[in-house]
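Working notes, structure below.
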Amino acid sequence: MKQIRIFFKTRGPLLLAFVLAAGVLAVSEYSNWRVERTFVHMQNSLEIRLALSRLWRQLLEAETGQRGYLITGKDDYASPYYGAITAVNQTLEKLRQHYHSGGRASADFDALALLVKRKMEELASTYQLRAKGDDADWRKATETDIGRDLMVVVDNSVSRLLAAEQRELSLAQGLVAQAVLLDRIGIALMTVLALLAFSMYLRQSTHLNEIHQQQEEALQRERDRLEVTVNRRTRQLSQLTSYLVTAREDERARIARDLHDELGALFTTAKLDVARLRSRMAKMAPEIAERLLHLSETLNTGIALKRKIIEDLRPSSLSNLGLVAALDILLRESSKSIGAEIKSSLEEVRLSPACELTAYRLVQEAITNIGKHAGAKNVFTEMRKQDGMVIVRIRDDGKGFDPGAAPTTSHGLFGMRFRIEEAGGRFTVDSHPGAGTCIEARLPELST
């Protein structure tokens, strides 16, 4: 129902205009049909009027020809008479078809036809008397008023028929005038309705445009609000992630320091105590001295493990020897743990301490991932300067993967990307299944 209401609200004026236009068009077509019929009737009426006038003229010609023959007795004057007889018969036949077609028999026409017949018979009888040479009879016939009276009666009958045809013509003209007026009224009404429908359409369109504009503005405000919220949340998450990364590094440094200071002191004290006990017990109790030797070796192993844990937490070689040496040590030790040959090409570069740690963690994380997932046999690590940037690239010949289909639960690549971008650099991954992986980071070089 709501959609129907919306349809009539938005398309109602156009639909109404279409219906009205169809109605006006139907009325106009009906009016045109009536006008066409009326024009045909008017044309027929005019033809009948001409035929009646022609009949009267033909009677006069017949009478004139007959009088000329009576006076002169020459056959040359008889030719118009005979021609008029033929023309009168043809005209009567045409008039008879008109008045008797379609059940339109007319008593006035029948009376006229009878009068014309009598007139033609009167002319013919006088003509025959003259042709026989009976001068007394034809002169006597012409002295009577029969012929003149018949012509008067014929004239009156023709006048009545002409008047009837004039009435028919006037009626047809009235119908045409009505049809024209109806067409003008229809056109005017159609124009008014079209203007009204167009006005309604404009109002509705303006209203819909205003609603659409309001919706667009509301949607834009909501988008702006969401964008502000998303940007704020993104900044908060970035700050939180940066804080967590920094906190993790700080915590690693603290743990490494505590391990070095506290656990290192304990291991050193224990080792000194074991050394003193060994020196005293070497002669008194050889078996105990042997156990103390094993304990000393165990303490050495623990010290080595402590150093390894400390290096993993916070590589002392990075702060003591520099980035190149720290990476070289890391790659050399990692080659044994991942079972792959690692080649490197490391240039001396200038990076801030934070960027040095970021580059070190990038290589460390990449090597760890290669050992866990790639199954590579060869790894190549490169670090060089280019256009004010330091490029760190790790490439392997392992299984590779589709970066677009990487599982969302794997945060290694995400962590690498965040740390590089947080340091103001760029991070890219190029990998295909079966074609190995290449990880590249570009970090800003420290200006001199």
As an exercise: evaluate THR234 against (1) modelled with pLDDT under 70; (2) surrounded by fewer than 12 Cβ atoms within 10 Å (Cβ to Cβ) and give the number of the one condition it does not meet.
(1)
Selection from the stretch 301-345 of residues that are open to solvent by less than 50 Å² (accessible area, probe 1.4 Å) and modelled with pLDDT under 80
GLY302, ILE303, LYS306, ILE310, LEU313, PRO315, SER316, SER317, LEU318
Please work out which one of (1) open to solvent by less than 80 Å² (accessible area, probe 1.4 Å); (2) modelled with pLDDT of 85 or more; (3) closer than 27 Å to ASN320 by Cα is the condition LYS385 fails and give its number.
(1)
Of everything in the stretch 59-82 that's in contact (Cβ under 8 Å) with a residue 40 or more places away in the chain and open to solvent by less than 20 Å² (accessible area, probe 1.4 Å), which residue is farthest from the chain's Cα centre (by Cα)?
LEU70
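Out of everything in the stretch 352-361 that is part of a helix (DSSP H, G or I) and not basic (Lys, Arg), what residue ends up being most open to solvent (accessible area, probe 1.4 Å)?
To start, the set of residues in the stretch 352-361 that are part of a helix (DSSP H, G or I) comprises 353-361.
Adding the requirement that they be not basic (Lys, Arg) leaves 353-360.
On the way: PRO353: 105, ALA354: 67, CYS355: 11, GLU356: 43, LEU357: 21, THR358: 14, ALA359: 1, TYR360: 13 Å².
Top of the filtered list is PRO353.
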Does VAL349 meet the test of being outside any loop (DSSP other than H, G, I, E, B), among the β-branched types (Val, Ile, Thr) and open to solvent by less than 40 Å² (accessible area, probe 1.4 Å)?
no
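Just to be sure before I move on: is ILE420 under 25 Å from PRO315 (Cα atoms) and touching a residue at least 60 places away in the same chain (Cβ under 8 Å) in the structure I sent? Give the derivation first.
On the way: under 25 Å from PRO315 (Cα atoms): yes; touching a residue at least 60 places away in the same chain (Cβ under 8 Å): yes.
Spelling it out, ILE420 is indeed under 25 Å from PRO315 (Cα atoms) and touching a residue at least 60 places away in the same chain (Cβ under 8 Å).
Return a yes/no flag: does the stretch 10-23 have any residue that is at positive phi, among the small types (Gly, Ala, Ser), modelled with pLDDT under 70 and part of a helix (DSSP H, G or I).
First, the residues of the stretch 10-23 that are at positive phi: none.
For the stretch 10-23, residues at positive phi, among the small types (Gly, Ala, Ser), modelled with pLDDT under 70 and part of a helix (DSSP H, G or I): absent.
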Filter pass, ALA179 being under 30 Å from MET42 (Cα atoms) and in contact (Cβ under 8 Å) with a residue 12 or more places away in the chain:
yes
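The values are calculated or read from the model by the stated rules, or taken from the named source; none is laboratory data. Just so it is clear, the structure is predicted and the values come from calculations on it, not from any experiment. Please note: Cβ atoms are built from the backbone with ideal geometry, for glycine as well, and neighbour counts cover all protein chains shown. For accessibility, only protein heavy atoms count, side chains too; no ligands or nucleic acids. Shrake-Rupley method; radii C 1.70, N 1.55, O 1.52, S 1.80 Å.
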